[in-house]
Amino acid sequence: MSCAYTKYGLIKDTVLADFYQNGSIKRCVVKQRNEIQLACGTLIPQYQEDGKRKKLVKSMTFYQDGSLESIILEDITMVETKLGSIPAEMISFYESGAVKRIFPSFGTITAFWTEKDEEEFSPELSLDLPFGAFHGKAINLMFYETGELRSMTLWPKDSMVIETPAGKIRTRIGFSLYRDGNIKSLEPQEPAPVNTKIGVIPAYDPDAMGIDGDKNSLNFAKDGSVDFMLTSGASVTVLRENKKIGEHEPYSKKCEYFDNELALEPMKISFAGRVVGFGKRKDQKAEAEYPIAKCKFLIGAFSSDSFRNSCEECFG
């Protein structure tokens, strides 16, 4: 029987272990019950598979200094956080040992165990969030190293209403928070009219992916103003001294899912001090920028009826 010596003690019956060049363990599977004592509680790494939803792929991974990076648990276990006790089946950690991310359930999606099965299996959460009480399910919760909630990812087709500087917005996919608990970003379920420095613009991304609630189409600065946003329903004409100097609208691209169709790529509008910028979703630098005080901005409606976007059919 192979064993691994770690800073948490002896891990018994380890198999399929990989090691760093310095000899410290990198990852392993365990085949018998072990108990790991951490600040967040007593954890038992997965050592069995049920043949349906849980595959025994890796029980634990470690940073090069020997600190635990992630652990898949044998059973759903209550873990202590600043939000209270949260059920967890998989946990990742910062090198400091602080909890980084919690997955309340962590089954393997296959032809025999569907996403719907996993969602039904996932435990209910009751959390006191900065903007109100939450009762429901989540794919994962991410924390700052100091313990405050950083983001939450919802299950597909689930939604919740969040109080924001722009008012109450029904949110899908997830949201992120600043360390002080103020809202940092969210993903509107439908076009949400938001008051910006240049006028009211609907925030919405038809291609938003339900993978990570940490990255969203409506982003607020710490003072509550809009930092940047994605819009698929507005065009903006820019005037200076009553002359048109720019015109911006969402983009089109080849649709990946439907032959001979075009998909809509939302326009990114960013605000940096007294300047507004326009560009594409992934642009690090705006294609065009204008001083807000010296220009007039005419906001019009942009129709997306002629476009086909894949995620519209996922979220209905």
When you check L125 against the structure, is it touching a strand residue (DSSP E or B) at 6+ places or on another chain (Cβ under 8 Å), touching a residue at least 40 places away in the same chain (Cβ under 8 Å) and among the aliphatic types (A, V, I, L, M), yes or no? no
Qualifying positions in the range 37-56 - assigned to a strand (DSSP E or B) and more than 28 Å from the chain's Cα centre (by Cα): Q37
Does the range 59-78 hold any residues that are part of a loop (DSSP other than H, G, I, E, B) and of a type outside the set (D, E), and which are they? S59, Y63, Q64, G66, S67
Condition test on F112, is it closer than 16 Å to P45 by Cβ and in the same structural domain as Q37 (by TED's automatic domain parsing)? no
Taking the range 138-181 as the search range and keeping residues that are surrounded by fewer than 17 Cβ atoms within 10 Å (Cβ to Cβ), in contact with a Ser or Thr (Cβ under 8 Å, 6 or more places away or on another chain) and touching a residue at least 24 places away in the same chain (Cβ under 8 Å), which one is nearest to D227 (Cα to Cα)? P165
Sole residue being in a loop (DSSP other than H, G, I, E, B), touching a residue at least 24 places away in the same chain (Cβ under 8 Å) and under 16 Å from the mean Cα position of the chain (by Cα), chosen from K215, K222, K184: K215
Scan of the range 34-64 for residues that are among the aliphatic types (A, V, I, L, M) and exposed (fewer than 15 other Cβ atoms within 10 Å of the Cβ), ordered by number: A39, V57
Return the total of residues in the range 219-242 being exposed (fewer than 15 other Cβ atoms within 10 Å of the Cβ) and of a type in the set (S, T, N, Q). 2
Any idea which residue in the range 4-33 is surrounded by the fewest Cβ atoms within 10 Å (Cβ to Cβ), counting only those that are in a loop (DSSP other than H, G, I, E, B) and touching an Asp or Glu at 6+ places or on another chain (Cβ under 6 Å)? Q32
Determine whether F134 is surrounded by fewer than 21 Cβ atoms within 10 Å (Cβ to Cβ) and touching a Leu at 6+ places or on another chain (Cβ under 6 Å). yes
Filter pass, E190 being outside the structural domain of S252 (by TED's automatic domain parsing) and part of a loop (DSSP other than H, G, I, E, B): no
Would you mind finding the one in L73, L16, L43, L68 that is aliphatic (A, V, I, L, M) and at pLDDT below 95? L16
Heads up, the strands (runs of 3 or more DSSP E) in the range 100-175 (entirely inside) with at least 1 residues that are small (G, A, S) and modelled with pLDDT of 95 or more are 149-153
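The values are calculated or read from the model by the stated rules, or taken from the named source; none is laboratory data. Nothing here was measured: the structure is a model prediction, and the numbers come from that model. Quick reminder, even Gly has a Cβ in these numbers, built from the backbone with ideal geometry, and neighbours come from all protein chains shown.
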